[in-house]
Amino acid sequence: MESLEVVQAHIRAAVPSPRAGMVPLRDALGLVLAGDIAAGEAVPPFANTAMDGYAVRAADTTHAPVRLRVVGDLAAGHAPTTRVGAGDAIRIMTGAPMPPGADAIVMVERTERDGDDGVTIQVPAALGDHIRHPGGDVAEGDAVFAAGAVLTPAHLGVLASLGFADVPAYPRIRVGVISTGDELREGPGVLAPGQIRDSNRPMMVALVREAGCDAVDLGIGRDDEAAVTAMFRDAAASCDAIITTGGVSVGDYDVVKAVLDQLGVLEWWQVSIKPAKPLAFARIDGTPVFGLPGNPVSSHVSFELFARPALRQMMGHPEVDRPVVTAIAGEAMPRRADGKLYFDRVRVRYDGDRYVAVRSGTQASNVLSGMALANGLALLPDGPGIDAGAPLQVMLLT
Ligand code: AMP
Ligand code: MG
């Protein structure tokens, strides 16, 4: 058996380096910036009002209440055509440019309209009141974001405010997903004797998407070496990485393992963990293949431990691992001493000042319902298990 760390490090060193490209803003959420961003223009681009109200000369309002003449009306999106002279005011809406001559805004709540052509300013305005200055958010030439930033919705908003239509980033990689097994049936129909439904593929497609990649659903591969070989060749030509489930243990029909072996690219380990002991990895013409075990819980945990960090690394992520926190065992978690590190499915909650974890169901590698109820994986080191109330490490999945 090989240790988890050794296998993870091997895979991380084997996958291709991220390749930068230009990505449209609308596709860039969650991607990693591949270059520094400098502002080519100021935000806001011109002085404008932060309030609905009246644009005035502050000096005219010193002895408020005072009546000013309303000489115009200015909405956002319109250039000013009228000057604010002595004794004048212009009705103005939030975001409209400051008209020439005005040097303060009086918010509408501090005014009272006085006929069509007049307004009473009730309190004195100070010079510059409620004016947003050009470059007040971002000045032209500012260093805005550094390479390595993970793009959030707010990053995309700032980039849009600066006129960027696309950004230098590491594009989403395409990850092909294949289920294998003669027993698998697709869709809702009646199961023939011996058949089960393919639960791994929808789950893997979702995990791939959740990791920030594009998932390509490549269907079910039957336990037939020629068919699976052809699927691998097609997938390697059209995807940046391939995920398969099933067919990697030591049974007679372990087709993924057999095919990768024949292609001369198989690297296969028994990893000292539970669940997800067997793992096949390969590179077909440079495209990494993650041959995950077939039992659904094993597939899921294996994806978390081996595929997800590698796929995120391929997209330039500075942080590829899920966070691990110290929690308190809310119940005893006994286990068998067998040389393996266990990843038990747990429900973790924060009780005000600490995390508390309890098992989320039966810990068998085919019991996917327990995985669905879990929001963490408890790391149970080799030994008799963890006593109630004792600290333990939990990998958070959400
Ligand atoms: P294997 O590694 O191919 O021997 O599969 C191990 C177990 O996982 C068997 O019970 C399979 O029927 C089951 N299994 C394999 N693939 C899937 C799948 N896509 N969905 C649900 N169960 C599966
Ligand atoms: Mg199988």
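The values are calculated or read from the model by the stated rules, or taken from the named source; none is laboratory data. Note that the coordinates shown come from a computational prediction; the quantities given were computed from them, not determined experimentally. In this analysis, Cβ positions are derived from the backbone assuming ideal geometry, glycine residues included, and neighbour counts consider all displayed protein chains.
Counting only residues that are within 31 Å of the chain's Cα centre (by Cα) and within 16 Å of ligand 2 (Cβ to nearest atom), which one in segment 185-202 is modelled with the lowest pLDDT? If we take residues in segment 185-202 being within 31 Å of the chain's Cα centre (by Cα) and within 16 Å of ligand 2 (Cβ to nearest atom), then 186 is modelled with the lowest pLDDT. If the condition is being in contact (Cβ under 8 Å) with a residue 12 or more places away in the chain and near ligand 1 (Cβ under 10 Å from one of its atoms), then segment 187-216 contributes 195, 196, 197, 198, 199, 200, 201, 203, 204.
Remark: residue 246 falls outside the filter, which requires a residue to be under 26 Å from residue 4 (Cα atoms), surrounded by fewer than 22 Cβ atoms within 10 Å (Cβ to Cβ) and within 16 Å of ligand 2 (Cβ to nearest atom). Among the residues making up segment 237-279, those that are acidic (Asp, Glu) and within 11 Å of ligand 1 (Cβ to nearest atom) are 252, 254. Could you grab the pairs with beta carbons closer than 6 Å, sequence gap of 6+ or different chains, first residue in segment 217-238 and farther than 21 Å from residue 172 by Cα, second one more than 12 Å from ligand 1 (Cβ to nearest atom) and of a type in the set (Phe, Trp, Tyr)? Listed by first residue and then by second, the contacts come to nothing, as the list is empty. Residue 327 meets each of the listed conditions (1) buried (at least 21 other Cβ atoms within 10 Å of the Cβ); (2) under 24 Å from residue 277 (Cβ atoms) apart from (2). Inclusion of residue 38 among residues that are under 30 Å from residue 145 (Cα atoms), in the same structural domain as residue 161 (by TED's automatic domain parsing) and surrounded by fewer than 19 Cβ atoms within 10 Å (Cβ to Cβ) is warranted. Output yes when any residue across segment 204-212 is within 16 Å of ligand 2 (Cβ to nearest atom) and either in the same structural domain as residue 258 (by TED's automatic domain parsing) or not β-branched (Val, Ile, Thr) (or both), and no when none is. Yes, there is a match, as at least one residue in segment 204-212 is within 16 Å of ligand 2 (Cβ to nearest atom) and either in the same structural domain as residue 258 (by TED's automatic domain parsing) or not β-branched (Val, Ile, Thr) (or both).
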